[in-house]
Amino acid sequence: MNNFWRQVCIAMGKAKSSFITPSRTVGSAACVLSSLVFAYAQSNIPIGTWRSHMSYNEIIGLAVADNYVFGAAENGVMILDRSGNSISTYTKLNGLSGTTITSINYNQIAKALVIGYADGRFDIIDSDHVIESFNPAGQTGLTGSKKINDIYINEDDAYLSTDYGVIVFDLTQMQIKETWRDLGVQGETLPIIQCTLNNDSIFLATANGVLTADFHSNLLDFNNWTRFNTGEFNGAVPAIAPFNGSVYAAIDNAGIFRYQNGEWIKQAFLSDDSFRSMHASPSKLRITTTTKLWELSETGDLAEIVSPLVVEPRCSLSDAEDVLWIGDGRNGIVSLANGRVANYLPDSPSNKRVRRVKYLDDGMFALGGGYTDNGVALGNRGDIDRLTQGDWSTENSTLTDLTDIATDNTTKSMFRSSFGFGLEERKTGGEVGIFNETNSPLESVNGQPGFVNITSLAVSRDGLWVANYGVENPLHLLKSGAVWESFSFPVAAARYPLQVETDLSGSVWMALDPRQGGGIFVFNREKSATAYLTDTPGSGGLPARSVHTLAVDRDGQVWVGTDQGVAFFINPSAIFSGTVDAIKPIYESRFLLRDDKITTIAVDGGNRKWIGTERGIWLFNASGDEQIFHFTAENSPLLSNVILDISIDDVSGEVFFATNAGLVSFRSDASGSDFFFGAVKVFPNPVTSNFTGTVGISGLATDAIVKITDIGGKLIWQTQANGGTATWNVQDHRGRRVATGIYLVFATTADGGESVVAKVAVVD
């Protein structure tokens, strides 16, 4: 160990740390990307970096290489390394060009993985993990869907079946050889679902029957294709595969057909099923229906493949060792070999779609929801995902369509609400109870069982507030000992609360369904006071009646997100005393985000406002008149610009974004805080030469003053914390990166009453 590292170890009181250098990935047009996240620890990522939280429970496509099995989920690919029995992933965060994966396959000759997307793009990943991206439909002027439906491999070519034709791509030359477009009867666009070869013939499963042709003919000419598009073939053919010297086609609610002597012969099985996929090995044809996986032998015997881990099969294939790999809708990748079954999942949430995220009890909870904008239950399972210390775990609720989660401050019971089945309580001892219309004042819509629609929960000093949608008493208070109070209001729109929040005075704010009149209804139980706030001047003055979100900031102000921007009430208690209007922040000489639908607002430790829209994420300062960030799917790892919810880990400052395409997070430079210093942490520490981000200093007292000096006491940098976190860009006050050495971090409260000292090492 050299002298400097001895100084570091003495100063830091620990041994030398090891660091992992980010890998390189390459995109189209020689665009070079770097990994956005250093692999320090999954529970604590550097400030200014991102994490993806994709679900891999539902696998929609499989591919097999020599030592790897690839499983495609909607927004990522998991890689099972069979030699080391380890799992890694590819996502947009580390190089994939897009989201909504639709197909995947592997070419053994080129040693290349091909990934297709719903927007027509495709990625090719070589054995060195270099990613090249292609967008063949991007400059063609094509209108309509460009979705890639399937990828078929033959020798060194990939045949990409798309909604406009077939792309033949040479994986050794890395270029398009041909594109067969407009293959309809009259040369119109015909969606191609799947492609396969058998001897010298090519077969296309299409949205209208099957096309076949001599593989060596001019396939660009739609007249050179033979068509089977009448009778039971007059419609979509979802799957086609070669097997046992012939070709088999699957048609929903019709069955399996075998091509023989120029015609399709219907087989005597599975005639009433719908089909997901077919895959052939030398001795078996495996057929995936909506709910089951079947195996057809060369002699025509059909048997169901049954396993406790094969719950919702999506696809299957077998490898050279005759191991059967199954992509399941619940259990990720499943393997069957010699009577042994196993499944493989990376550390990830189970919910593919997350509609609600909420930080509680040192964990981030993710719920699948819920209901549509039209108030219809989605039918989603009650799976609750929780991220704690960097690890995801899943717990099943007895209810479905979960809308919210809360913890009672007194009893520590956890409550989960359902759009349809009421309220579930889980006590600390594990006892589970359900509150619905049979044992509580909760009401069902029109008295129908199964329509106890709970949309939101809010914890207060009085108990748990419960929003009961579409009934006479839309607001309930659950107190200790299962004591209930119920409230009705004279305003008809108040019967349709979508979100409840409590302000610092204990008043309950309800954002009301825009389809039922909209606005905000406010109720104070102690004063028996109510107020109905709308877009009418003097009665709220909201930017619009369509209110989608409410948030109470650290100063007690209530922020409101509408269809036409943001507003806030600076003194919420004043709404009961007469005329009151919301304040509309001004940014760039106009009302804040006035042209945007605001879907969610979250307040961080620095009292800044994270605002979700359908054009991405915005971060504004505490007063809403200064923009700090605008993240979109185009300039960041966001999976989509449509933001459903935002929640913030108050300890680390990590911000979680639920989009309509999946969940990602970003570690910001603000965190929750108290008036006193906690366990102050400097991260990363030591700071190595390949680190180009910002150093985070957490555990600080609220808005502490932070000074960084060299070991001799010379001032290098000064800043103020955002809540409980401050940052340092490893530069001095002149913008120059500091030299190798030990630096002292002095932090004091704003009044100078308390202070702490920490150390950080910089290594160049």
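The values are calculated or read from the model by the stated rules, or taken from the named source; none is laboratory data. The structure presented is a predicted model; accordingly, all values stated were derived computationally and were not measured. All Cβ positions, glycine included, derive from the backbone under ideal geometry; neighbour counts span all protein chains shown. SASA here: full protein model, heavy atoms, side chains in, ligands and nucleic acids out. Shrake-Rupley method; radii C 1.70, N 1.55, O 1.52, S 1.80 Å.
Checking each residue in region 219-235 for being farther than 22 Å from Gln260 by Cβ, surrounded by fewer than 16 Cβ atoms within 10 Å (Cβ to Cβ) and in contact (Cβ under 8 Å) with a residue 12 or more places away in the chain picks out only Leu220.
Only one entry in Ser277, Ser271 is open to solvent by less than 60 Å² (accessible area, probe 1.4 Å), without any contact (Cβ under 8 Å) to a residue 60 or more places away in the chain and assigned to a strand (DSSP E or B), namely Ser277. From the list Gly678, Gly696, Gly662, the one residue that fits, being under 25 Å from Ala622 (Cα atoms) and open to solvent by less than 10 Å² (accessible area, probe 1.4 Å), is Gly696. In region 622-639 there is at least one residue matching the filter, namely being crowded, with 21+ Cβ neighbours inside 10 Å and part of a strand (DSSP E or B). Taken over region 67-100, the criterion of being open to solvent by 10 Å² or more (accessible area, probe 1.4 Å) and in a strand (DSSP E or B) is satisfied by Tyr68, Phe70, Ile79, Asp81, Ser86, Ile87, Ser88, Thr89, Tyr90. State all residues of region 86-99 that are under 14 Å from Ala72 (Cα atoms) and in contact with a Lys or Arg (Cβ under 9 Å, 6 or more places away or on another chain); if no residue qualifies, say none. Correct list: Gly98, Thr99.
A single member of Thr702, Thr719 is under 32 Å from the mean Cα position of the chain (by Cα) and under 26 Å from Trp610 (Cβ atoms), and it is Thr702.
For region 135-154, a residue qualifies if it is surrounded by 20 or more Cβ atoms within 10 Å (Cβ to Cβ) and modelled with pLDDT under 95, and exactly one does: Ala137. In this structure, is Tyr40 at pLDDT below 90, more than 19 Å from the chain's Cα centre (by Cα), open to solvent by 10 Å² or more (accessible area, probe 1.4 Å) and not acidic (Asp, Glu)? In short, yes. Only one entry in Ser647, Ser652 is closer than 24 Å to Ile628 by Cα, open to solvent by 10 Å² or more (accessible area, probe 1.4 Å) and part of a strand (DSSP E or B), namely Ser647.
Checked against (1) open to solvent by less than 60 Å² (accessible area, probe 1.4 Å); (2) in a loop (DSSP other than H, G, I, E, B), His216 passes all but condition (1).
Residue check: is Ser413 at pLDDT below 95 and open to solvent by less than 10 Å² (accessible area, probe 1.4 Å)? Judged against the criteria, Ser413 is a match. I need the full set of residues from region 110-133 which are open to solvent by less than 10 Å² (accessible area, probe 1.4 Å) and among the small types (Gly, Ala, Ser), in order please. Residues satisfying the conditions are Ala112, Gly116, Gly120.
Elements of the type strands (runs of 3 or more DSSP E) sitting completely within region 285-350 and holding at least 1 residues that are buried (at least 18 other Cβ atoms within 10 Å of the Cβ) and in contact (Cβ under 8 Å) with a residue 40 or more places away in the chain: these cover 293-297, 313-318, 324-328, 333-337, 340-344.
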